[in-house]
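S.K.: My questions all concern the structure below.
The values are calculated or read from the model by the stated rules, or taken from the named source; none is laboratory data. All figures in this text were calculated on a predicted structure; none of them were measured in a lab. Quick reminder, even Gly has a Cβ in these numbers, built from the backbone with ideal geometry, and neighbours come from all protein chains shown.
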Amino acid sequence: MLKKTAFYNDHLKHGAKIVDFAGYEMPIQYSQGIVAETKTVRSAAGLFDVSHMGEIEITGPQALSFTNYLVTNDIESLQEDQVLYTVMCLEQGGIIDDLLVYRRPRGYLLVVNGANQDKDWQWVEEQSKKWDVQVTNLSDQTAQIAIQGPISEKILNKLVDQPLPNLNYYFSKDATINNQPALISRTGYTGEDGFEIYLDNRHASGLWDQVLTSGEEFGITPAGLGARDILRLEMGYCLYGNDITEQTTPLEAGLKWVVKMKKNDFIGKESLQQQIDEGVQKKLVPLAVSGKQIPRKGFPIMSNRQKVGEVTSGGWSPSLAKCIALGYVKKGHHKSGTEVEIEVRNRTIPAQIIKGPFYKQGSHL
């Protein structure tokens with residue numbers, strides 16, 4: 001049985017095309033289409049249902065030490081209400097998931113990818129048995145929406161019962177909406193300014209239309225998974241299951257900046273140190289593609305008629321009016337400016353490795 005989020009009926013009312021995603025019935029697009037939704041997020045704002053994401057709370061005397069052990073980034077210096085992007089790794093260095101860690105008054109909140117929430121929960125619960133902590137899976141009781149776009153702050157301030165002054169990028173704050181408690185954060189996955197609203201499913205009724213009404217004067221639109229994927233690709237952000245998996249490490253994926261080797265022990269540290277010492281053999285790179293043939297996951301990347309890599313994500317960028325892709329290439333072929341070809345249906349199309357992101361005019365803070 002597929003799950004439905006608290007906003008499922010709202011999606012139907014607004015003409016959404018529903019697909020199976022991460023075990024949920026989710027909107028892939030609305031009546032105006034993916035291209036229009038993407039452009040509206042870049043120019044104004046889009047409203048996304050991201051209730052399929054997973055939420056795991058960690059509390060108890062060893063919450064800090066345990067959470068720091070789970071992830072590669074260093075959460076020790078997090079201020080209360082601050083948010084941090086990181087990954088969880090297997091002992092051999094492969095990525096279990098990429099996620100956000102929120103420092104909360106009672107402990108820590110992990111926000112994980114929807115497709116991985118069951119796997120992540122089992123991993124965290126198993127690892128916690130040796131620590132003096134309590135872990136709680138809040139996923140099924142939590143609704144989450146995201147408002148993304150350059151005018152998203154104006155929309156948010158019309159929603160909350162009290163204004164949210166000085167909510168900095170990658171920080172969160174407890175708030176009230178319609179006299180109900182909510183957690184609001186300022187992060188995002190589009191390259192634009194944006195906010196997330198977390199609240200109990202019981203309090204979600206009416207919120208979808210309330211956001212659209214509040215943002216109507218600014219041109220807000222409901223946006224689905226299709227626009228979400230293109231927006232993150234335009235920024236070169238990794239999608240779990242495509243660009244990062246248990247068979248790739250954060251060092252190979254260009255996420256070395258979230259791996260803090262100087263902190264105390266964490267899962268995967270020894271393997272990642274070995275990869276640092278020996279050097280990575282492949283790198284995830286952005287690819288600017290010539291022509292209108294869209295490269296898809298699994299398409300070979302060629303150089304001098306030899307396969308040197310493979311596409312992991314690809315699509316048409318409405319913001320740039322060209323095809324773009326991400327893919328892994330062998331060491332030595334990864335430098336910006338390198339010319340390669342992508343094999344598409346028994347023919348090859350030219351592409352160039354560039355320095356990301358593809359889209360450089362985002363309003364993110």
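S.K.: Which numbered condition trips up Ala63, out of (1) hydrophobic (A, V, I, L, M, F, W, C); (2) over 18 Å from Ser139 (Cα atoms); (3) under 18 Å from the mean Cα position of the chain (by Cα)?
M.R.: Unmet for Ala63, out of (1) hydrophobic (A, V, I, L, M, F, W, C); (2) over 18 Å from Ser139 (Cα atoms); (3) under 18 Å from the mean Cα position of the chain (by Cα): (3).
S.K.: Considering Asp20, Asp118, which residue is touching a Leu at 6+ places or on another chain (Cβ under 9 Å), surrounded by fewer than 24 Cβ atoms within 10 Å (Cβ to Cβ), among the acidic types (Asp, Glu) and more than 28 Å from Gly215 (Cβ to Cβ)? Before the answer, list the steps.
M.R.: Details: Asp118 fails: touching a Leu at 6+ places or on another chain (Cβ under 9 Å).
The conditions single out Asp20.
S.K.: Also: List pairs: first in the range 117-132 and closer than 16 Å to Asp98 by Cβ and in contact (Cβ under 8 Å) with a residue 60 or more places away in the chain, second of a type in the set (Val, Ile, Thr) and not in a loop (DSSP other than H, G, I, E, B), Cβ under 6 Å, 6+ apart or cross-chain?
M.R.: These pairs meet every condition: Asp120/Val112; Val124/Ile56; Val124/Val135.
S.K.: Does Gln144 satisfy the condition of being under 21 Å from Ala22 (Cα atoms), without any contact (Cβ under 8 Å) to a residue 24 or more places away in the chain and of a type outside the set (D, E, K, R)? Write out each step before concluding.
M.R.: Details: under 21 Å from Ala22 (Cα atoms): yes; without any contact (Cβ under 8 Å) to a residue 24 or more places away in the chain: no; of a type outside the set (D, E, K, R): yes.
Against the criterion (under 21 Å from Ala22 (Cα atoms), without any contact (Cβ under 8 Å) to a residue 24 or more places away in the chain and of a type outside the set (D, E, K, R)), Gln144 does not qualify.
S.K.: If I ask for residues that are hydrophobic (A, V, I, L, M, F, W, C), in a strand (DSSP E or B) and either farther than 13 Å from Ser139 by Cβ or modelled with pLDDT under 95 (or both), which ones from the range 86-114 would you list?
M.R.: Taking the range 86-114 as the starting set, the residues that turn out to be hydrophobic (A, V, I, L, M, F, W, C) are 87-90, 95-96, 99-101, 109-112.
Okay, now just the ones that are also in a strand (DSSP E or B), so 87-89, 95-96, 99-101, 109-112.
If the condition is that a residue be hydrophobic (A, V, I, L, M, F, W, C), in a strand (DSSP E or B) and either farther than 13 Å from Ser139 by Cβ or modelled with pLDDT under 95 (or both), then Val87, Met88, Cys89, Ile95, Ile96, Leu100, Val101 are the ones that fit.
S.K.: Would you check if there is a residue in the range 28-39 being in a strand (DSSP E or B), closer than 23 Å to Ile155 by Cβ and of a type in the set (Asp, Glu)?
M.R.: So far as the range 28-39 goes, no, none of its residues is in a strand (DSSP E or B), closer than 23 Å to Ile155 by Cβ and of a type in the set (Asp, Glu).
S.K.: Next question. Does the range 305-321 contain any residue that is modelled with pLDDT under 95 and either exposed (fewer than 12 other Cβ atoms within 10 Å of the Cβ) or assigned to a strand (DSSP E or B) (or both)? Let's see the steps before the verdict.
M.R.: The first filter runs over the range 305-321 and keeps only residues modelled with pLDDT under 95, leaving 305.
Now narrow it down to the ones that are either exposed (fewer than 12 other Cβ atoms within 10 Å of the Cβ) or assigned to a strand (DSSP E or B) (or both): 305.
Yes.
S.K.: Out of all the residues in the range 153-177, which are under 18 Å from the mean Cα position of the chain (by Cα) and either in a strand (DSSP E or B) or within 22 Å of Ala6 (Cα to Cα) (or both)? Walk me through it before giving the result.
M.R.: Step one: filter the range 153-177 for residues under 18 Å from the mean Cα position of the chain (by Cα), giving 169-172.
Hits for the range 153-177 are Phe171, Ser172.
S.K.: Right, something else. State which residue pairs qualify: first residue on the phi < 0 side of the Ramachandran plot and of a type in the set (D, E, K, R) and inside the range 263-282, second residue surrounded by fewer than 17 Cβ atoms within 10 Å (Cβ to Cβ) and assigned to a strand (DSSP E or B) in any location, beta carbons under 6 Å apart, and separation of 6 or more residues or different chains.
M.R.: Once the first residue is on the phi < 0 side of the Ramachandran plot and of a type in the set (D, E, K, R) and sits in the range 263-282, its partners that are surrounded by fewer than 17 Cβ atoms within 10 Å (Cβ to Cβ) and assigned to a strand (DSSP E or B) give Lys282/Lys330.
S.K.: Return the total of residues in the range 163-203 being polar (S, T, N, Q) and within 16 Å of Ala146 (Cβ to Cβ).
M.R.: Kept after step one, since they are polar (S, T, N, Q), are these residues of the range 163-203: 166, 168, 172, 176, 178-180, 185, 187, 190, 201.
Restricting the remaining residues to those that are within 16 Å of Ala146 (Cβ to Cβ) gives 172, 185, 187, 190.
Total meeting the criteria: 4.
S.K.: Could you please find all residues in the range 138-166 being within 27 Å of Leu64 (Cα to Cα) and buried (at least 18 other Cβ atoms within 10 Å of the Cβ)?
M.R.: Ser139, Thr142, Ala143, Gln144
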